[in-house]
Amino acid sequence: MTARLYVNAVGFAAPGIESAEALRRHLAGAASAPAEGWAPMPACLARRQALRLSEATRIALMAAEQIGAHVPRDGAWVFASSTGEGGTLAEILTALRGDEIMIQPIRFQNAVHNAAQGQWSIIAGATGPMTSIAAYDETAGAGLLKAMLQATIDGTAVGLVVFDAPMPEPLLEKRPIGLPMAASLALSPAETPGSIAALDLTVVTGTAATPSTPPQAADSLTASGNPVRVLLPLLQRILSPDGSEITLALPGDAALRITAMEAADAR
């Protein structure tokens, strides 16, 4: 299957890199130095409200709000995370081991994998279809594939948010992620006046994916082990389209091949 999508906005959030423009500068060689005690804090919520949410949900909201204006209220959203609410899960499991099980009710509300998606749907007043996806190391590719299918089949704009955050020990030992990271894309099946790039996407089966090499400037992000890192080559080419091909792994014996180009070149 092959499809063409247009990118109308890009979002990014990681320690010291809190926007697509900051990521572009970092990939061009600018240093990133997060403030001491940095924590993800979305602008769409009051600090007090935000602190009730997990780190994973907050970093997802930071990326979602950067593209929210480019996805209509009835557009679709896809939230993709390999671990979801791992931090909240760890808190609940720890509490269950105690003599007195003291768990705040809000923890159960935020324990589900689609917690970030649910929070965003309320904040954005979104009325379109919402999907939450997990596919371990292939989560980024699976999320983009779902967004491609949604945009192509339904003919609708789609907001894609891919995110993950470290889990506390002992879960961290089983799924080592060094820092929180989220990336987002506002996609549409047709060009808009604000389109910044076009993506030609092809699903290839019967072949193992060879991941595209992450930009050297992003070594600290790549070394974090965060599954979002596999999107860095794609984000670099979207922010500076050059017509080159990127490959993302999909679950099973499949891959998603993507060519990023200037929107004008796709006409």
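The values are calculated or read from the model by the stated rules, or taken from the named source; none is laboratory data. The structure displayed is predicted, hence computed values, not measured ones. So basically every Cβ, Gly included, is an ideal-geometry build from the backbone, and we count neighbours across all protein chains shown. With ligands, DNA and RNA removed, areas are computed over all heavy atoms of the protein, side chains included. Shrake-Rupley method; radii C 1.70, N 1.55, O 1.52, S 1.80 Å.
Across the range 28-44, what is the number of residues that are in contact (Cβ under 8 Å) with a residue 60 or more places away in the chain and either open to solvent by 50 Å² or more (accessible area, probe 1.4 Å) or closer than 27 Å to residue 156 by Cα (or both)?
Total meeting the criteria: 3.
Restricting to strands (runs of 3 or more DSSP E) lying wholly in the range 144-257: which have 2 or more residues that are among the polar types (S, T, N, Q), surrounded by fewer than 20 Cβ atoms within 10 Å (Cβ to Cβ) and touching a residue at least 12 places away in the same chain (Cβ under 8 Å)?
Passing ranges, in order: 197-205.
Among the residues of the range 8-27, are any polar (S, T, N, Q), touching a residue at least 60 places away in the same chain (Cβ under 8 Å) and either open to solvent by less than 30 Å² (accessible area, probe 1.4 Å) or not in a strand (DSSP E or B) (or both)?
Yes, some residue in the range 8-27 is polar (S, T, N, Q), touching a residue at least 60 places away in the same chain (Cβ under 8 Å) and either open to solvent by less than 30 Å² (accessible area, probe 1.4 Å) or not in a strand (DSSP E or B) (or both).
Is it fair to say residue 146 is modelled with pLDDT of 95 or more and among the charged types (D, E, K, R)? Walk me through it before giving the result.
Values: modelled with pLDDT of 95 or more: yes; among the charged types (D, E, K, R): yes.
Criteria met by residue 146.
Residue 75 - would you say it is over 25 Å from residue 181 (Cβ atoms), modelled with pLDDT of 95 or more and out of contact with any helix residue (DSSP H, G or I) (no Cβ under 8 Å at 6 or more places or on another chain)?
no
Which residues, counting only those in the range 114-143, are polar (S, T, N, Q) and assigned to a helix (DSSP H, G or I)?
117, 119, 121, 139
Do you know which residues across the range 45-67 are open to solvent by less than 20 Å² (accessible area, probe 1.4 Å) and of a type outside the set (Ser, Thr, Tyr)?
50, 53, 56, 59, 60, 61, 62, 63, 64, 67
Residues being under 14 Å from the mean Cα position of the chain (by Cα) and small (Gly, Ala, Ser): count how many of those fall in the range 1-57.
The total comes to 7.
Would you be able to tell me the number of residues in the range 28-54 that are under 13 Å from residue 119 (Cα atoms) and not in a loop (DSSP other than H, G, I, E, B)?
2
Do we find a residue being open to solvent by less than 20 Å² (accessible area, probe 1.4 Å) and modelled with pLDDT of 90 or more anywhere in the range 103-112?
no
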